[in-house]
Amino acid sequence: MKLSEKQLVLLSVALSAAVIAVAVAALALRQLAPLPAAGTGYVALIRIDGAIAYQTSQLSLLGSTASADDLVQLLDTALNDPLAKAVVLRVNSPGGSAAASEALYLKVKELAASKPVVAYIEEYGTSGAYMAVLPAARILASNSSIVGSVGVYTSVITYSGLLEKLGVKVYVFKSGELKDVGSSFREPSEEDRKVLQSIVDGVFELFKKRVLAHRKVADEGEVFSGRPFIAGEAVKLGLIDGIGTLDDAVNLAREMAGLPKDTPVREMKPPSPGLLQLLFGGAAAKDRFVPSVEVLAMWPPPG
Amino acid sequence: MITVFLDMQADAVKGLGRLRISAFLSLVTSLLALPLSGLFGRPESTTENPLTLFVALMWVLVFGLAILALGIASWVFKVLGWWSMCRSGMRKFYCATRYAVLLGPIVGVALLLVGGVALLLEMLGSGALVDGGLSGEPVGSALPYVLPGLIVMVVANVIEGVSALDVGLLTEVKALTLGAAVYLIASLLQPFQLLASAFSSTALLGDAASWWSWASNAASLLASLLLAVGFHWARDRVIQSEAQREAAGTA
């Protein structure tokens with residue numbers, strides 16, 4: 001048996017066409033394949049560690065920082081992953097900048113609208129960190145954790161006296177009286193004080209509204225005084241739902257999502273910094289850091 | 001006329017000799033790569049057993065470069081072999097085959113590399129690399145490159161297999177015919193093996209991944225062996241027929 005040139009071409013074309021057809025059919029079948037059963041999902045665990053900020057530097061006035069960008073990205077991943085059936089937020093943060101805490105709050109709210117979210121406060125869940133987890137369906141805390149510190153503060157440090165002693169003079173040219181409000185080169189004027197206080201009050205009002213929208217607070221005067229509470233007191237005041245362990249929080253999340261007790265927990269972590277980022281990370285972080293006038297954090301910072 | 005005929009035969013002998021070397025090198029490459037496919041065939045066993053992972057890594061370190069060099073050498077001999085077969089004028093189809101074996105792997109590997117980079121970027125973007133893969137595989141951006149890349153490579157292999165089959169039928173060497181048939185089957189299995197390993201776990205191909213891998217490797221080994229022997233016998237057959245023709249001419 002010998003093949004003609006034409007038969008060789010036909011055989012090649014037929015076999016190639018068969019390969020392409022089968023490959024396309026296999027992919028089509030794969031896309032049509034049923035989604036994994038409910039039991040094959042997992043509970044996503046996301047840590048909120050350190051001061052919440054947009055800066056990526058590992059060092060800050062409030063200790064290590066939890067990059068808001070990274071956390072929002074992780075929350076987005078959990079939101080968009082159909083296999084992440086429930087989410088546990090493991091919180092150990094004294095708070096952070098108002099803008100970063102706000103971004104987290106909004107993302108947690110979006111997440112909690114689509115799947116069960118349980119927050120677990122390990123050591124600190126105060127101020128901005130507390131605000132961020134307010135939309136969670138349940139908030140649990142360890143027995144000795146510190147919760148609350150619902151409030152806002154800002155601080156202005158002035159160097160005018162020091163500069164004067166050193167013989168350094170600072171000349172400021174400004175378009176309006178309040179353009180350099182909060183300047184470190186002069187003592188704050190009465191007008192400055194009013195402006196800064198109104199900013200703090202405005203952010204606090206927003207914070208207060210959010211707490212009242214998500215929690216049934218027993219004693220508003222006590223809660224909004226800005227003081228932190230230990231977990232037991234926080235339960236009584238309605239700031240959190242209960243005291244427990246991380247396992248309790250995970251089991252609660254499983255229960256709320258209707259998952260079996262052996263459903264796996266997968267910790268979601270932000271990408272590790274590369275070598276260049278480790279070497280030049282500080283400089284990069286400085287460029288990106290925008291000072292925030294108002295701070296939602298427990299003061300003095302823990303640690 | 002006789003001179004032209006002799007040149008044709010000489011090119012065919014040269015081409016079959018190069019194809020024989022190519023098939024032999026391919027056989028050695030497959031044998032060296034066999035432990036790797038065995039170790040990596042079941043990803044869960046590799047990740048669960050550190051010793052297996054260590055052995056696999058050591059194997060890659062020791063033989064990785066040799067496997068790559070032998071694979072490239074085999075491909076070069078293959079291109080040269082079909083080039084000579086084209087020059088012999090036996091079949092016009094062999095001229096198409098030389099371009100297929102030359103360009104198929106180049107285009108295919110380039111597309112696979114682009115797909116790999118796209119996949120890497122997507123995984124870095126999703127943080128899946130850090131977490132060891134969060135859940136579903138981020139293959140969306142790689143698919144437009146990986147699939148055409150695989151198809152180009154398989155089509156090139158199919159054309160080559162059909163040519164080898166034709167040489168087997170022309171020279172009446174059964175080992176070569178059988179080897180070409182197995183080579184075609186191995187080529188047809190190849191995309192499923194790669195697709196199964198790349199896009200497995202949750203989908204249809206998940207459980208079949210190791211089976212595809214084993215079947216494809218076994219078929220490749222058998223094909224390389226039969227082709228190496230077959231091209232050798234086919235070359236001998238051409239030389240013998242030339243000698244007989246010369247003897248008949250002298251007589």
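The values are calculated or read from the model by the stated rules, or taken from the named source; none is laboratory data. A quick note: this is a predicted structure, and the numbers were derived from the prediction, not measured. Every residue, glycine among them, receives a Cβ derived from its backbone with ideal geometry; neighbour counts consider all protein chains shown.
Quick check, is A:G176 at positive phi and not acidic (D, E)?
no
Residues in the stretch B:163-172 that are touching a residue at least 40 places away in the same chain (Cβ under 8 Å) and surrounded by fewer than 24 Cβ atoms within 10 Å (Cβ to Cβ): B:L170, B:T171, B:E172.
Among what's in the stretch B:88-130 and is over 22 Å from A:T77 (Cα atoms) and at the interface with another protein chain (Cβ under 10 Å from one of its Cβ atoms), pick the residue that is modelled with the lowest pLDDT. Of everything passing the filter in the stretch B:88-130, B:R91 is modelled with the lowest pLDDT. Only residues that are more than 16 Å from B:V117 (Cβ to Cβ) and more than 8 Å from chain A (Cβ to nearest Cβ) were counted across the stretch B:142-160, and they come to 5.
So for the stretch A:244-267 (the condition being within 14 Å of another protein chain (Cβ to nearest Cβ), touching a Leu at 6+ places or on another chain (Cβ under 6 Å), in contact (Cβ under 8 Å) with a residue 12 or more places away in the chain and not in a helix (DSSP H, G or I)), does at least one residue qualify?
yes
Pick from A:E220, A:E233: which is surrounded by 15 or more Cβ atoms within 10 Å (Cβ to Cβ) and either without any contact (Cβ under 8 Å) to a residue 60 or more places away in the chain or not polar (S, T, N, Q) (or both)? One residue alone meets the criteria, A:E233. Close Cβ contacts (under 9 Å, 6 or more residues apart or on different chains) running from residues in the stretch A:131-145 that are β-branched (V, I, T) to residues that are assigned to a loop (DSSP other than H, G, I, E, B) and crowded, with 24+ Cβ neighbours inside 10 Å comprise A:I139/A:L239; A:I139/A:I240. The number of residues in the stretch A:154-195 being in contact with a Lys or Arg (Cβ under 7 Å, 6 or more places away or on another chain) and among the small types (G, A, S) comes to 1. Which of the residues belonging to the stretch A:133-169 are touching a strand residue (DSSP E or B) at 6+ places or on another chain (Cβ under 7 Å) and either among the basic types (K, R) or in a helix (DSSP H, G or I) (or both)? Once the filter is applied, which keeps residues that are touching a strand residue (DSSP E or B) at 6+ places or on another chain (Cβ under 7 Å) and either among the basic types (K, R) or in a helix (DSSP H, G or I) (or both), the stretch A:133-169 yields A:V133, A:R138.
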